[in-house]
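Participant: Structure in structure tokens, see below.
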Amino acid sequence: MIRTNLKRILAFVVFLSMMAGLVTSGGFNAYAAKKGKVTADSLNVRSEASVNSTLLVSIPKGKKLTIEKTVTNKEKEKWYQISVNYNNTTYLGYVMAKYVKIVKATTTEAATTKAKATTKATATTKAKATTEAVVTHYANAKDKAVIYKNTDKMSTKIAKLDEGTLLIIHSPTKVDNKVWYSASTKGLKTNYTGYVIKGKIDIQDETCETTSYKLGVTSTKTGLYKCANTTDERIGYIAKGKDLIILGDLTVGGTKWTKVSSSLGEGYVLSSRFKEVTATSVNKSKKEATITKKSGVRKIASLIATNLASVSKDSEATLLATVNVNGTSWSKVSCTVGDKTVTGYIRSKYVKTFSDKEAGINDFPASYQTYLTTLHEKHPNWVFKAVETGLEWSDVVKNESVSGRNTIQSTVPSGGTVTTYNAPFSYLSTQNGDYDWATDTYKVKDGTSWYSANSAVISYYLDPRNFLNEKGIYQFESLSYDGSQTKSVTKTMLKNTFMSGNYNVTDIATGKKASGSYATAFMKAAKASKVSPYYLVSRVKNEVGVNGSNSTSGTYGNYKGYYNFYNIGASDSSIGKAVDKGLAYASSGKTYNRPWTTPYKSIVGGAKYIATQYINLGQDTMYTQKFNVVVKSSLYTHQYMTAVTACNSYAISQYNTYNNNKLLDETFTFSIPVYKNMPSTVCKLPATAGNPNNYLKALSVTSTNNKVFNLDKAFKYTDTSYSMTVGNNVSKVNVAATAISTRAKVSGTGTKSLSVGANTITISCKAGNGTVRKYTIKITRQG
């Protein structure tokens with residue numbers, strides 16, 4: 001009690017001493033004190049005329065105070081110096097003038113009348129008063145923090161707090177130069193309310209730095225606050241479905257908040273009130289486009305995002321990607337504005353790009369178009385050409401299924417296991433010439449493990465629709481030179497190979513120096529042969545590797561000074577010497593620019609040779625070189641390879657080359673065959689299954705004392721029904737059978753009891769693939 005009274009006396013003495021300068025012998029000086037009333041929900045009294053000065057006390061709405069004088073701070077804000085008695089303590093300090101209404105001090109009635117007259121004005125002021133209003137904050141207790149009953153360390157200690165205990169605090173009060181907060185614990189089994197000293201708590205931050213720039217969309221109507229605090233100033237409400245720019249995140253009192261930019265400005269919203277959406281995209285294409293309306297280039301795909309620049313109508317741009325945001329399509333573009341290149345987002349409806357019709361998609365059957373549209377969206381520079389073969393699908397499959405025309409590798413028939421490059425039995429042909437059912441023997445067509453593929457597998461690899469994806473599409477890449485192929489792409493493909501720079505040799509035919517750029521040589525070869533330079537580069541890399549070989553060194557054995565970049569004529573044999581054969585071809589003859597005494601002559605001359613064999617005949621894709629469905633005079637026969645998977649393997653290799661060199665978004669033309677009466681759905685590979693042979697090799701019937709009973713006809717594995725007659729004295733027989741395939745299982749054999757009359761015995765042979773063939777023997781026992 002003594003401490004409390006002393007505190008009040010000291011506060012009053014301070015008040016008197018400060019007032020002394022205002023009092024004269026005749027009363028107050030020229031400034032006459034006025035009466036005021038607080039109009040805000042709660043008003044902070046500060047030590048100076050600044051929101052950054054020490055908070056002395058907070059007084060409630062309607063509290064009357066004495067206005068000593070008016071001051072204007074350096075921010076040009078109007079403040080009142082006031083005195084007020086609150087909770088039996090007199091305070092002298094400063095308050096913001098806009099939250100105080102001056103009232104007449106003559107009579108209570110006059111003051112009341114004036115207060116009623118300003119109700120509407122006060123309500124308006126109230127909406128603006130939250131900056132100085134007392135708000136609730138969250139804090140964490142420091143070590144040895146205590147909740148007291150009153151703002152006095154001599155008062156009762158309600159609770160000792162563990163470090164980190166969560167507190168809700170408000171109404172700071174300065175007593176004896178110490179700031180106290182009214183506080184309540186949160187999250188404890190038993191919560192406490194009282195007062196804590198400011199120095200014993202860490203007040204949680206309610207603002208954060210900008211650390212991101214992403215898009216969110218409100219999932220419900222939500223408030224936008226000045227700080228991450230619902231009791232603080234609310235800037236306004238944002239309706240459901242509106243864009244927000246996500247700038248950062250923080251957690252206050254266990255609640256997640258997000259710093260955002262919105263149509264109302266910057267502020268904080270509860271994180272649970274919106275969802276993040278994708279509003280950016282990695283570059284997926286590189287296609288020329290035209291802007292059809294003056295537009296802002298946004299930092300991300302949103303109208304409230306930062307406007308990086310404005311582009312005028314008919315401006316040229318490069319389309320890099322598209323992204324859909326809440327049903328609205330945006331285009332990521334790169335364009336030049338002034339002397340700067342700007343990359344950002346514009347509404348897609350204002351960006352004109354290459355159409356499906358221009359890309360050739362509309363020329364294909366509907367079953368192709370879905371796949372091609374997906375590819376075109378991702379790679380707008382790609383062009384698709386429908387090749388109408390005029391051939392019936394069933395005829396193509398039948399002709400490509402001729403024995404040995406399409407092969408597949410497998411060691412399964414010789415005991416191997418199924419792997420990625422080791423086909424199962426269900427992929428192998430069992431037609432005449434490919435398989436012998438009587439001996440369970442598959443006939444090798446090439447090497448030691450290449451067998452004829454069956455029609456289902458051939459149909460899968462024949463069906464172009466199975467390969468209309470980002471990798472498989474390259475088996476349809478046009479291998480002809482059409483002017484769209486560029487030297488820059490060719491040069492990129494030559495990177496990290498022995499051809500990345502220049503060649504510099506002595507031409508032994510002329511004795512002169514020959515030098516030049518490999519990229520230039522391939523471009524000239526392309527123009528001279530009408531073969532794509534991309535294909536020529538890939539062909540060389542596949543033949544001699546990225547480091548070259550003896551075929552390209554010009555220093556090999558008896559063939560110094562000769563070059564064969566494509567390994568033409570370099571056939572292998574049991575005695576080897578493939579390089580010798582290839583260089584012998586390069587050093588002799590006069591066709592195709594031979595002899596090839598420089599890299600340039602080999603590259604250009606070899607390209608002409610390649611062109612005459614397939615490409616200039618019309619087989620200008622790897623697909624048509626594998627499946628000749630375009631050259632009418634040699635349909636199905638003039639085919640570059642027999643491996644049914646070859647062109648798809650090439651496509652994957654080509655994709656990897658382009659992808660590794662970041663060339664996927666260049667301009668490519670793909671020539672894709674179309675057939676008559678194709679299946680409505682794409683052809684599928686057969687399910688992996690075991691050996692199909694379910695035939696019996698032998699079948700016999702004997703008596704219990706090993707007497708052989710003859711069947712009614714000689715056993716033949718393709719015949720499944722047999723009969724016989726036995727005497728009345730034969731009551732039991734033994735049935736024996738063996739399968740042709742060691743992978744098949746036989747059941748139904750063994751000792752069988754016979755009744756008088758007809759008895760039917762069934763023997764089953766189950767193949768490795770699960771199919772079952774049944775054989776029957778009808779045994780008649782005489783009466």
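Participant: Within the set of pairs 6 or more residues apart or between chains, which connect a residue that is under 16 Å from Pro673 (Cα atoms) and modelled with pLDDT of 90 or more inside the range 606-623 to a residue that is assigned to a helix (DSSP H, G or I) and of a type in the set (A, V, I, L, M, F, W, C) with Cβ atoms less than 6 Å apart?
Facilitator: Thr621/Phe476; Met622/Cys647; Tyr623/Phe476; Tyr623/Cys647
Participant: Residues Tyr655, Tyr640: which one is within 37 Å of the chain's Cα centre (by Cα) and among the aromatic types (Phe, Trp, Tyr)?
Facilitator: Being within 37 Å of the chain's Cα centre (by Cα) and among the aromatic types (Phe, Trp, Tyr) holds for just one of Tyr655, Tyr640, which is Tyr655.
Participant: Which residue pairs have Cβ atoms closer than 9 Å, lie 6 or more positions apart in sequence or on different chains, and pair a first residue in the range 465-492 that is closer than 18 Å to Leu536 by Cβ and open to solvent by 10 Å² or more (accessible area, probe 1.4 Å) with a second residue that is modelled with pLDDT of 90 or more and among the acidic types (Asp, Glu)?
Facilitator: As it stands, the answer is Ser478/Asp620; Ser480/Asp620, since those pairs meet every condition given.
Participant: Which pairs have Cβ atoms under 8 Å, sit 6 or more apart or on different chains, and link a residue in the range 671-700 that is farther than 24 Å from Val396 by Cβ and at pLDDT 95 or above to one that is open to solvent by less than 40 Å² (accessible area, probe 1.4 Å) and of a type in the set (Asp, Glu)?
Facilitator: Listed by first residue and then by second, the contacts come to Asn691/Asp440; Asn693/Asp440.
Participant: How about the range 627-673: which of its residues are among the polar types (S, T, N, Q), touching a Ser or Thr at 6+ places or on another chain (Cβ under 9 Å), under 23 Å from Ala453 (Cβ atoms) and surrounded by fewer than 19 Cβ atoms within 10 Å (Cβ to Cβ)?
Facilitator: Thr642, Ser653
Participant: Let me ask something additional. Answer yes if at least one residue in the range 252-274 is within 25 Å of Ser310 (Cβ to Cβ), part of a strand (DSSP E or B) and touching a helix residue (DSSP H, G or I) at 6+ places or on another chain (Cβ under 7 Å), and no otherwise.
Facilitator: Taking every residue of the range 252-274 in turn, none turns out to be within 25 Å of Ser310 (Cβ to Cβ), part of a strand (DSSP E or B) and touching a helix residue (DSSP H, G or I) at 6+ places or on another chain (Cβ under 7 Å).
Participant: Same structure again: Determine, yes or no, whether Thr506 is in contact with a Gly (Cβ under 9 Å, 6 or more places away or on another chain), touching a residue at least 40 places away in the same chain (Cβ under 8 Å) and open to solvent by 40 Å² or more (accessible area, probe 1.4 Å).
Facilitator: yes
Participant: Given the condition open to solvent by less than 20 Å² (accessible area, probe 1.4 Å), in a loop (DSSP other than H, G, I, E, B), at pLDDT 85 or above and in contact with a helix residue (DSSP H, G or I) (Cβ under 7 Å, 6 or more places away or on another chain), answer yes or no: does some residue in the range 30-41 qualify?
Facilitator: The answer is yes, given that some residue of the range 30-41 is open to solvent by less than 20 Å² (accessible area, probe 1.4 Å), in a loop (DSSP other than H, G, I, E, B), at pLDDT 85 or above and in contact with a helix residue (DSSP H, G or I) (Cβ under 7 Å, 6 or more places away or on another chain).
Participant: Give the range 554-567 a look and list any residue that's over 17 Å from Phe498 (Cα atoms) and open to solvent by less than 10 Å² (accessible area, probe 1.4 Å), or say none.
Facilitator: Gly561
Participant: Which one of these is more than 13 Å from Lys214 (Cβ to Cβ), touching a residue at least 12 places away in the same chain (Cβ under 8 Å) and of a type in the set (Gly, Ala, Ser): Ala289, Ala301, Ala305, Ala279?
Facilitator: Within the list Ala289, Ala301, Ala305, Ala279, the selection yields Ala289.
Participant: Determine which single condition Asn593 fails, assuming it passes every other condition in (1) under 15 Å from Ser478 (Cβ atoms); (2) in contact with a Lys or Arg (Cβ under 6 Å, 6 or more places away or on another chain).
Facilitator: The number of the failed condition is (1).
Participant: Given the conditions (1) surrounded by 15 or more Cβ atoms within 10 Å (Cβ to Cβ); (2) outside any loop (DSSP other than H, G, I, E, B); (3) under 39 Å from the mean Cα position of the chain (by Cα), which single one is not true for Phe498?
Facilitator: (2)
Participant: Give the residues of the range 590-607 that are open to solvent by less than 50 Å² (accessible area, probe 1.4 Å) and not in a helix (DSSP H, G or I), sorted by residue number.
Facilitator: Arg594, Pro595, Trp596, Thr597, Thr598
Participant: Could you say which residue among Lys178, Lys242, Lys174 is out of contact with any Pro (no Cβ under 6 Å at 6 or more places or on another chain), farther than 15 Å from Val135 by Cβ, loosely packed, with under 14 Cβ neighbours inside 10 Å and of a type outside the set (Ser, Thr, Tyr)?
Facilitator: Lys178
Participant: I've got another one for you. Of the conditions (1) over 38 Å from the mean Cα position of the chain (by Cα); (2) over 15 Å from Val489 (Cβ atoms), Val540 clears all except one; give me its number.
Facilitator: Evaluating Val540 over (1) over 38 Å from the mean Cα position of the chain (by Cα); (2) over 15 Å from Val489 (Cβ atoms) leaves (1) as the failure.
Participant: Another question about this same structure. Being modelled with pLDDT under 95, of a type in the set (Asp, Glu) and under 28 Å from Ile169 (Cβ atoms) narrows it down to one residue among Asp243, Asp232; which is it?
Facilitator: After applying the criteria, what remains is Asp232.
Participant: Within the range 509-538, track down each residue that is surrounded by fewer than 19 Cβ atoms within 10 Å (Cβ to Cβ), in contact with a helix residue (DSSP H, G or I) (Cβ under 8 Å, 6 or more places away or on another chain) and assigned to a helix (DSSP H, G or I).
Facilitator: Result: Thr520, Lys524, Ala528.
Participant: Moving to a separate point now. Please report, ordered by residue number, the strands (runs of 3 or more DSSP E) entirely within the range 301-343 with at least 2 residues that are modelled with pLDDT under 90.
Facilitator: Per the criteria, 316-325, 328-337.
Participant: Give the residue that is nearest to Val277 (Cα to Cα), with candidates limited to residues of the range 344-384 that are in a strand (DSSP E or B) and among the hydrophobic types (A, V, I, L, M, F, W, C).
Facilitator: Ile346
Participant: Identify all residues within the range 329-342 that are touching a residue at least 24 places away in the same chain (Cβ under 8 Å) and closer than 30 Å to Ser219 by Cα; write none if there are none.
Facilitator: Trp330, Ser331, Lys332, Val333
The values are calculated or read from the model by the stated rules, or taken from the named source; none is laboratory data. All values reported here derive from a predicted model rather than from experimental measurement. Glycine gets a Cβ as well: all are built from the backbone with ideal geometry, and neighbour counts include every protein chain shown. Side chains are part of the model used for accessible areas, which takes the heavy atoms of the whole protein and leaves out ligands, DNA and RNA. Shrake-Rupley method; radii C 1.70, N 1.55, O 1.52, S 1.80 Å.
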